[in-house]
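The values are calculated or read from the model by the stated rules, or taken from the named source; none is laboratory data. Here the structure is a predicted model, which is why all the values come from computation and not from measurement. Methodologically, a virtual Cβ is constructed for each residue, glycine included, from the backbone with ideal geometry; neighbour enumeration extends over all protein chains shown.
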Amino acid sequence: MAITIDYTTRIISVEKVDMTLVQSTPFEIYELDINDFRLTLKDIEDNVGGVPFVDTHNHNTIVTVGGVTLARVVEIINGYTVTFEDDSYAVNLVGANSNIADVVNLNTVSVRAANSAGLIQSMIWDEPIADHLTDGTTGKALSDAGSAGNPWSSPITGNTDAGTFGELVGKKLLTVAKFLGLK
């Protein structure tokens with residue numbers, strides 16, 4: 001990666017090659033994985049040339065609270081700013097909460113942060129549902145909802161309980177259609 005730190009001006013420079021291109025038309029959109037970014041900064045800081053200087057960032061790792069895994073937080077500190085290679089494109093900051101959009105040096109790049117107080121680590125959505133079926137949990141509710149299927153493809157017969165939409169369609173509308181000779 002070509003990310004650089006100018007310790008004199010306290011500018012962290014990020015080039016397009018340091019990011020992942022996710023869309024090229026009608027305009028370019030790149031993603032900057034904030035965790036990869038902070039690991040690169042730490043590698044630069046740990047080199048002989050970076051050791052005497054103050055840190056560029058703070059990092060709070062992933063934390064699990066009450067069974068929910070919250071995303072990491074990366075904060076650019078000590079007066080450092082971030083400059084993206086100047087051109088007409090957008091950058092999505094992904095993978096963590098950060099203050100990068102607050103310390104960016106403005107140019108023609110559109111920097112888009114998706115910070116959220118409740119940003120949940122995305123790997124949670126890849127967990128097997130079978131591991132989360134305790135009664136009263138969101139996992140159980142999602143599992144139950146998924147097994148409900150598509151109501152529009154369900155047969156009308158058997159779904160005609162009193163007071164339901166199935167009763168209206170199955171017992172009343174179909175009877176009217178038969179009377180009118182439509183069925």
Output the qualifying pairs, or none if there are none: Cβ atoms under 6 angstrom, residues six or more apart or on different chains, first residue in the range 81-98 and closer than 21 Å to Gln23 by Cα, second residue of a type in the set (Phe, Trp, Tyr).
-> Val91/Tyr30; Val91/Phe84
Filtering the range 1-35 down to residues that are over 22 Å from the mean Cα position of the chain (by Cα) and in a strand (DSSP E or B) yields Thr4, Ile5, Asp6, Ile11, Ile12, Ser13
For Leu39, are the conditions met, namely being touching a strand residue (DSSP E or B) at 6+ places or on another chain (Cβ under 8 Å) and assigned by TED's automatic domain parsing to the domain that holds Asn60?
-> no
Across the range 36-70, which residue is surrounded by the fewest Cβ atoms within 10 Å (Cβ to Cβ) among those that are assigned to a helix (DSSP H, G or I) and aliphatic (A, V, I, L, M)?
-> Leu39
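Given the criterion modelled with pLDDT under 95, in the same structural domain as Glu85 (by TED's automatic domain parsing), closer than 18 Å to Thr108 by Cβ and not hydroxyl-bearing (Ser, Thr, Tyr), identify the matching residue among Pro26, Pro52.
On the way: Pro52 fails: closer than 18 Å to Thr108 by Cβ.
Step by step, each of Pro26, Pro52 is checked, and only Pro26 is modelled with pLDDT under 95, in the same structural domain as Glu85 (by TED's automatic domain parsing), closer than 18 Å to Thr108 by Cβ and not hydroxyl-bearing (Ser, Thr, Tyr).
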Give the range 1-23 a look and list any residue that's at pLDDT 95 or above, of a type in the set (A, V, I, L, M) and exposed (fewer than 14 other Cβ atoms within 10 Å of the Cβ), or say none.
-> Val17, Leu21, Val22
